[in-house]
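Only one structure is covered here, and it is reproduced in the block below.
The values are calculated or read from the model by the stated rules, or taken from the named source; none is laboratory data. Remember, predicted model here, so these are calculated numbers, not experimental data. With ideal geometry, Cβ positions are generated from the backbone for all residues, glycine too; neighbour counts draw on all protein chains shown.
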Amino acid sequence: MKAIFNSTFTEVTNESRLMQQKLRIIQVISQNGHGITVPDICKELKISAPTGIKLVNELQEEGFLKVAGKKETLNGRKPSIYALNNVNFYALSVEVLLKRVSVGIIDSRLNTVYYRQKTDFILENTQVCLDKVESFINECLMNSGISESTILGMGIGITGRVKNSTGESLNFFNFMESPLGEYFSKIFDIPVFLNNDTRCFGQAEKIIGKARDANHAIVINLSRGLGTSLIVDNKIVNGGMGFAGELGHMQFGTKEKICICGKKGCLGNDVGGFTLEENFMEKVAEGEKTMVDIPSDGSAVRYDDILLAALEGDDLSIRLVQDMGYKLGHALGNIINLLNPELIIIGGKFAKLKDLLLDPVKTGISSSALVNPLSTCKIEFSELGDLAGLKGAGALVFDYFELIKN
């Protein structure tokens, strides 16, 4: 199976044309998610009925297809429905964030068949850190129980700016002569597809999440930082070089603190997990009370613990989270005026606080959005959970091989 997908078809022969048509049949069935008939195949591939029957029979003999039933018709002979016969397509999926790296094996329905996470990890732009990521991927591959012969490629979502067209990571692992994607492709001997972690999250929402029926949507990834994926005309917007969606660096912030980009006023300095930690520790230093255990060594409380405390009713945590919700909403109101989306999805670690966040986000949006575009824009919270980015990274592989509808 993997050989079919890796064929280049550079030489046009009758054999290569038949191979391409077989591949296209497999792709069409995979995209549909269910079996189809020979007439459906002929219509999709624009081939004659005899050719369609020949191809389907050969794919059956080769073990790729099976008869899954009969199609109900009002009269005449019921055509057979053909489906994939225990054919599994897998992607090796990797997500590299500031404080964790995750590895999964994802199937073409974006189900996770294997998953591991490494949390004793700090992302650094060093060879040592890159070696740790590579070693963890190898370890996961060995422990997954999935044959490498069934893995079509690797999808990587990494924090920071990414040129997805060339596989370059511009903020991390940028010290090599070749792009990061090319480096991993040589190491693991499979095609590698690279994108920003939030863009991968948006990809998952578009394919299996709440954005699958939306033509125009904004997907917010609110965790340690603030990231954004834009869906316009039913397509993920990457931008000219892959940098689209930098909402966190738009000048909607109120703090005078210098952002990591070197500028003041970035929204990411007002909204996000890192800022929540800073704000929380400042309030504690001012004498505010909280049910959160404060580390005796003076280190900051992790934002995950603050979010959990908010869910458990901690007043300080709730006030800080809702203040962020209003600021995020005020910025989104301006984006609604600019792009007129039909849907805004808020995901990431903050999504589990939807009951606490929804009202302040809506209030913030109302303070800046025009009435007409706001009236047709829904606010939803992601339900894909922590594996959304990992699934989106796997989707990069299946999208390339045309095994999923995108």
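Quick notes on this structure:
- The residue that is nearest to I306 (Cα to Cα), among those in region 257-280 that are out of contact with any Ser or Thr (no Cβ under 7 Å at 6 or more places or on another chain) and small (G, A, S), is G272.
Residues checked against (1) out of contact with any Pro (no Cβ under 8 Å at 6 or more places or on another chain); (2) part of a loop (DSSP other than H, G, I, E, B); (3) farther than 30 Å from C200 by Cα; (4) small (G, A, S):
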| position | (1), (2), (3), (4) |
| --- | --- |
| E58 | yes, no, yes, no |
| K66 | yes, no, yes, no |
| E72 | yes, yes, yes, no |
| R77 | yes, yes, yes, no |
| I81 | yes, no, yes, no |
| L98 | yes, yes, no, no |
| G104 | yes, no, no, yes |
| Y115 | yes, no, no, no |
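- A Cβ distance below 9 Å, combined with a sequence gap of six or more or placement on separate chains, defines the contacts here; from region 389-406, residues that are among the polar types (S, T, N, Q) reach residues that are part of a helix (DSSP H, G or I) and modelled with pLDDT of 90 or more in the pairs N406/Q203; N406/K206; N406/I207; N406/A395; N406/F398; N406/D399.
- Filter result for L338 (out of contact with any helix residue (DSSP H, G or I) (no Cβ under 8 Å at 6 or more places or on another chain) and at negative phi): yes
- Scanning region 152-178 for residues that are in contact with a Gly (Cβ under 8 Å, 6 or more places away or on another chain), at pLDDT below 95 and closer than 17 Å to I190 by Cβ gives a single hit, G167.
- Contacts under 6 angstrom Cβ, first residue in region 223-238 being among the aliphatic types (A, V, I, L, M), partner buried (at least 22 other Cβ atoms within 10 Å of the Cβ) and part of a loop (DSSP other than H, G, I, E, B), 6 or more apart: L226/V271; L226/G272; L230/G245; I231/A211
- Set side by side, the residues K186, K132 differ, and just one is charged (D, E, K, R), out of contact with any Cys (no Cβ under 6 Å at 6 or more places or on another chain) and more than 28 Å from G347 (Cβ to Cβ), which is K186.
- Assessment of region 183-202 against the conditions (surrounded by 24 or more Cβ atoms within 10 Å (Cβ to Cβ), more than 26 Å from C261 (Cα to Cα) and basic (K, R)) yields no matching residue.
- E380 vs. criteria in contact (Cβ under 8 Å) with a residue 12 or more places away in the chain, closer than 30 Å to K22 by Cβ and outside any helix (DSSP H, G or I): no
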